[in-house]
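The values are calculated or read from the model by the stated rules, or taken from the named source; none is laboratory data. Just so you know, these numbers come straight off a predicted model, no measurement behind them. Cβ coordinates were reconstructed from backbone atoms using ideal geometry, including for glycine residues, and neighbour counts include every protein chain displayed. Surface areas here come from the heavy atoms of the whole protein model, side chains and all, with no ligands, DNA or RNA. Shrake-Rupley method; radii C 1.70, N 1.55, O 1.52, S 1.80 Å.
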Amino acid sequence: MKQSNIFHAVNNNFQCWHDTSKKISACVRSSSLDSIHLTKSIVFVLAVLLFSSCYYDVIIEEEIDATTKISFTDDVIPVFNSSCVSCHDGIVAYPDLSSANAYQSLISGNYINTEDATSSTLIQKLNEDHPFEGAITSAELQKIILWINQGALDN
C-alpha cells in the first residue's frame, strides 16, 4: 500500500493540508465557513493537491533538425561522458571514449563509416541497446548519427 504524502492539520481555527512530495500547502480558515462551505473547500483543496502531484514517466524528445551543425566536442563527447566512459575508458572496454582519446579511438578502430552512418560499428552497437536499453536517448543517438553524416569531424 502506498504511503500518503498528504497531511492534515488544524491550528488556530485554520485547517491545512500539506503534500510533502510536491511541497504544496493549502489552508482554510474554518471559523469563517459553515460546514457546507468547509466540506466543499476540503474537497477542492484535496483535488488541487491530488492533481498537482501528477507526473508523466514518458519524456518526449525533440527530433534534431538535419541542418543543425553537430560538434564532436560540444555534442558528442558529453553523450560519451554521461553514458559510456564508465566502461569505455580504454582499460575496461574499447573503444576508449574518454574525452582525450575518443576521436582517435573511433577513427583508428574503424568504428565510423562516413559513407553510411547507420552501418558504422558505433551506431550498430548503440542500436543493439549496448550495453543496456536506455543508455543513451534517441535524441543523443540522432546527434551521433548526424555528426557522422556531417563527416565525423574532430571539432
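Which one is least open to solvent (accessible area, probe 1.4 Å) among residues in region 110-124 that are closer than 16 Å to F80 by Cβ and either free of Cβ contacts under 8 Å to residues at least 12 places away in the same chain or of a type in the set (V, I, T) (or both)? Let's see the steps before the verdict.
Looking only at region 110-124, we keep the residues that are closer than 16 Å to F80 by Cβ, and these are 111-112, 120-123.
Still in the list and also either free of Cβ contacts under 8 Å to residues at least 12 places away in the same chain or of a type in the set (V, I, T) (or both): 112, 121, 123.
Values: I112: 30, T121: 53, I123: 0 Å².
In this case the residue turns out to be I123.
Yes or no, residue by residue, for (1) free of Cβ contacts under 8 Å to residues at least 60 places away in the same chain; (2) outside any loop (DSSP other than H, G, I, E, B):
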| site | (1), (2) |
| --- | --- |
| G90 | yes, no |
| Y94 | yes, no |
| S98 | yes, no |
| I136 | yes, no |
| A139 | no, yes |
| Q142 | no, yes |
| I148 | yes, yes |
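Determine, yes or no, whether I70 is assigned to a helix (DSSP H, G or I) and modelled with pLDDT of 90 or more. Steps first, please.
Working: assigned to a helix (DSSP H, G or I): no; modelled with pLDDT of 90 or more: yes.
It is false that I70 is assigned to a helix (DSSP H, G or I) and modelled with pLDDT of 90 or more.
Applying the selection to region 62-84, what residues are closer than 15 Å to H130 by Cα and crowded, with 18+ Cβ neighbours inside 10 Å?
V79, F80, S83, C84
With (1) touching a helix residue (DSSP H, G or I) at 6+ places or on another chain (Cβ under 7 Å); (2) modelled with pLDDT of 90 or more as the list, and N81 as the residue in question, which single condition is left unmet?
(1)
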